[in-house]
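Inspection log for the structure reproduced underneath, given as C-alpha cells.
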Amino acid sequence: MAKRVSGRRYAQAIFELALQNDQLEQWGDDLRLTDQVLQDEEFRAFLSHAEVPLDRKIAAINQVLESVDPLVKNLVSLLVSRGAVNLIHDVLTSYNRLVDMHRGRQQVEVTSAVPLSDQELERITRFASNLINKEVVVSIQVDESILGGLVIQIGDQLMDGSTRSRLEELRKQIRSEAMVPSS
C-alpha cells in the first residue's frame, strides 16, 4: 500500500525556518502566491509531466515565482522533484495553522447554506472568540445541502445547528416513536 504524503512535515520545516528568520508573514504571503500560481492547470501539468526534464521545471519555477523567497522556491522545486507538486495547498494550510497556533489564534470553520453578511460574520467571530477565549480566524464555506442554519467547527469540536441535522433528528424521533406500541 502506498504511503500518503502530507504537506504537514514540509510546513513544519518551513515554519521553523521562517520563525528563525523572523519572516512568518513574508513566507505566508509567498506560499499563498505559490498556491495561486499552481492553481493554473497547464502550469501544474507541465511541472508534473514525466517527460519534461527537471532542470526545465526548476527554471520555469524560478521564472514564474521570481519575487518569492529562494527557500520557498526550493520547497516547490523539491515537491516537483518528488512528484508532489499537488501538496502545495496542504503545505499552505498547515503552515497557516502553525502560524495561528504560534500567535495564539484558533482556526474556526463555519459552514452556511447561504453566503453570510459582514454583520453575521462579525457576530459569529465574536461568539467563537468568546466561547474559547482566544482570537479566532474564521473561514467560511457555503454548502446548500445543509438547507439552513450553521455548522461551526472549532478544532475537534463540532456545533451542528444546520436545518438538515435538525430534520434528521426529528425523523429519527418520529421513527422511534412510531415503533413504540401504544397502550
> From the residues in the range 45-72 that are charged (D, E, K, R) and out of contact with any helix residue (DSSP H, G or I) (no Cβ under 6 Å at 6 or more places or on another chain), which one is farthest from Gln12 (Cα to Cα)?
Replying inline: Glu51
>> So Leu158 ticks every box in (1) part of a strand (DSSP E or B); (2) over 16 Å from the mean Cα position of the chain (by Cα); (3) surrounded by 13 or more Cβ atoms within 10 Å (Cβ to Cβ) but one. Which box is left unticked?
In response: (3)
>> Given (1) part of a helix (DSSP H, G or I); (2) surrounded by fewer than 16 Cβ atoms within 10 Å (Cβ to Cβ); (3) of a type in the set (Val, Ile, Thr); (4) within 22 Å of the chain's Cα centre (by Cα), identify the lone condition not met by Ile174.
In response: (4)
> Restricting to the range 45-64, what's the tally of residues that are in a loop (DSSP other than H, G, I, E, B) and surrounded by fewer than 12 Cβ atoms within 10 Å (Cβ to Cβ)?
Replying inline: 4
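Look through Gln39, Gln12, Gln26 and report the one residue that is assigned to a loop (DSSP other than H, G, I, E, B) and within 22 Å of the chain's Cα centre (by Cα).
Numbers: Gln12 fails: assigned to a loop (DSSP other than H, G, I, E, B); Gln26 fails: assigned to a loop (DSSP other than H, G, I, E, B).
Testing whether each residue is assigned to a loop (DSSP other than H, G, I, E, B) and within 22 Å of the chain's Cα centre (by Cα) leaves just Gln39.
For the condition over 30 Å from Asp160 (Cα atoms), in a helix (DSSP H, G or I) and polar (S, T, N, Q), what is the one hit in Ser94, Ser67, Ser77? Reasoning before the result, please.
Details: Ser94 fails: over 30 Å from Asp160 (Cα atoms); Ser67 fails: in a helix (DSSP H, G or I).
When all the criteria are applied, what remains is Ser77.
FYI, it's all coordinate maths here, none of it is from the lab. This one's a predicted model, so the numbers in the text were calculated from it and none came from an experiment. No Cβ is skipped: glycine too gets one built from the backbone with ideal geometry, and neighbour counts run over all protein chains shown.
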